[in-house]
Structure formats: structure tokens, C-alpha cells
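Novice: First, the structure itself, so that you have it in front of you.
The values are calculated or read from the model by the stated rules, or taken from the named source; none is laboratory data. This one's a predicted model, so the numbers in the text were calculated from it and none came from an experiment. Don't worry about glycine lacking a Cβ; one is built from the backbone with ideal geometry, like all the others, and counts go over all protein chains shown. Accessible surface is based on the protein model in full, side chains and every heavy atom, while ligands, DNA and RNA are left aside. Shrake-Rupley method; radii C 1.70, N 1.55, O 1.52, S 1.80 Å.
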Amino acid sequence: MINLLGISGSLRAGSLNRRLLELADELADDRAKIVVSDLLAIPLYNPDVEAIGTPDSVTDLKNRIAESDGVLFACPAYYASMSGALKNAIDWICRTPEPARGSSVLGGKPVAVLGGGGGGGTITAQDHLKQILTVIGADLMQEPVLDYAQISDRVDDNGVLKGSDDRNQLSEFITSFLDHVGRADKP
Ligand SMILES: Cc1cc2nc3c(=O)[nH]c(=O)nc-3n(C[C@H](O)[C@H](O)[C@H](O)COP(=O)(O)O)c2cc1C
């Protein structure tokens, strides 16, 4: 069983990006477990706070990442970029304890990005996130790209993707990521 951590860039309770991670977990069946972690407790990054000590919420998130076989990011579009909450969390987890490039808990970690947004979609937002993940040395899955523009129209009242094409794309995406994680496991 592959153990993945899902991180949604949206803080809202009804987040459809969080929902995508839950749906991905269902589609992974017994091949993987995706535990979804939220970013509600992560404070704003501040080097002065960092100098005193890493907040428990940040340490907890870092531990969850370290213990996972891979991280799946669900990235909403906020003015064509990732949310501030997601960027802030990455600042924390990659700065501490060693700020050097590639030495963070995400260094070498298999990661993938998908996203649900409004009418403009999440491609540009995802690209910004992917740039950062590349800079910090994560093992980024480049393809396939999965973007659900106008995601609120694509889900029913239970947050389930209505279209079979949309469901199939998510299924293929998670299968690709499990392959990516499996390849990373091999020496
Ligand atoms: C501050 C803000 C900026 C947004 N900017 C964009 C945007 O540039 N492009 C887009 O497609 N959707 C944009 N949206 C819509 C969100 O991406 C969309 O509502 C998405 O579903 C939010 O994710 P969530 O459902 O996980 O909370 C924006 C929403 C907010 C709150």
C-alpha cells in the first residue's frame, strides 16, 4: 500500500480542491491511501518566529510529508497563481531546519499537482507551484496535467464529479502518480 499525503491550497471547509483529493483517494482503491492534510493551523511565515522555534503545526506537517511516499497538491487558482496559504506553507516546510536548496523535506519527494478553479482554470497557478517544487528539488511528475476549470459546475451536491470524462481523467492521473511513486522507490 502506497501512503500519500494530500495537501489542498484552499482553507475553506467546502473546498472542491480538498474534495478532488478525497475523490482521488476513492479512485486509488486499495492501491494507495491518500490522507488529506489542511493548512488551517499553519501561521504566517516569519523568520523571527522561526528563530525561536518551528511551530508545532509546521513540524507536524513536515513529519507527515517525511512519512509519506509522495505528496499530491490540489492547487486552486487565486488570481492565476497558487493561494497564499499554500505558498506560505511551502515557505515554512522548506526553510526549516535547513534552508539550503534540495535539503528540505520535499527534496527528492515524489510530488504531483492538480487543481480546480474558476473560469480561467488552474494551469498558470499549477505552473507557479511546479516551478517552486522544482527549485526545492522535489521529484515532480510532469505529465499528465489535470485542470478542472469551472469546477463548481463539474460536481454534484455531494462534491462528486458528474462527468465520466472528468472521473476518468482523475483516475488516470492517480494511476500515473502511483507509477511515478513506484519508480522513485526503485534504487
Ligand atoms: C481570491 C480568489 C482569486 C481567484 N482567482 C481565480 C483565477 O484567477 N482563475 C480562476 O479560474 N479562478 C479563480 N478563483 C476561483 C477559485 O479558484 C475557485 O473558486 C476554486 O474552486 C477555489 O478552490 P476551492 O473550491 O478548493 O476553495 C479565485 C477565487 C478567489 C477566492
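Novice: Roughly to the nearest percent, how much of the accessible area of region 30-187 is carbon and sulfur, given a 1.4 Å probe?
Specialist: 49
Novice: In straight Cα distance, which lysines are under 24 Å from Lys162, not counting same-chain residues fewer than 8 positions off?
Specialist: Lys33
Novice: With no solvent and one point on each alpha carbon, what is the Debye value of log10 I(q)/I(0) for region 2-185 at q = 0.15, 0.16, 0.17 Å⁻¹?
Specialist: Cα-only, vacuum Debye calculation for region 2-185: -0.82, -0.94, -1.06.
Novice: For region 74-88, in order, what is each residue's ³J(HN,Hα) by Karplus, 6.51 cos²θ - 1.76 cosθ + 1.60 with θ = phi - 60°, in whole Hz (x at glycine and Pro)?
Specialist: Listing the rounded values in order: 10, 10, x, 9, 10, 6, 6, 9, 6, 5, x, 4, 6, 4, 4 Hz.
Novice: Still on this structure: Modelling each spin label as a point 7 Å along the Cα-to-Cβ direction, I'd like the Asn168/Asn63 distance in nm, to one decimal.
Specialist: 4.3
Novice: Determine the per residue accessible area of the chain with all protein chains present and a 1.4 angstrom probe, expressed in square angstrom.
Specialist: 49
Novice: While we're looking at this one, here's another question. Rounded to the nearest 10 degrees, what's the angle between the helix 123-135 long axis and the longest principal axis of the chain, both from Cα atoms, 0 to 90?
Specialist: The angle comes out at about 30 degrees.
Novice: Provide the net charge surrounding Asn17, with neighbours chosen by a C-beta distance below 13 Å and charges set as Lys +1, Arg +1, Asp -1, Glu -1.
Specialist: Within the 13 Å Cβ shell, the charges total +1.
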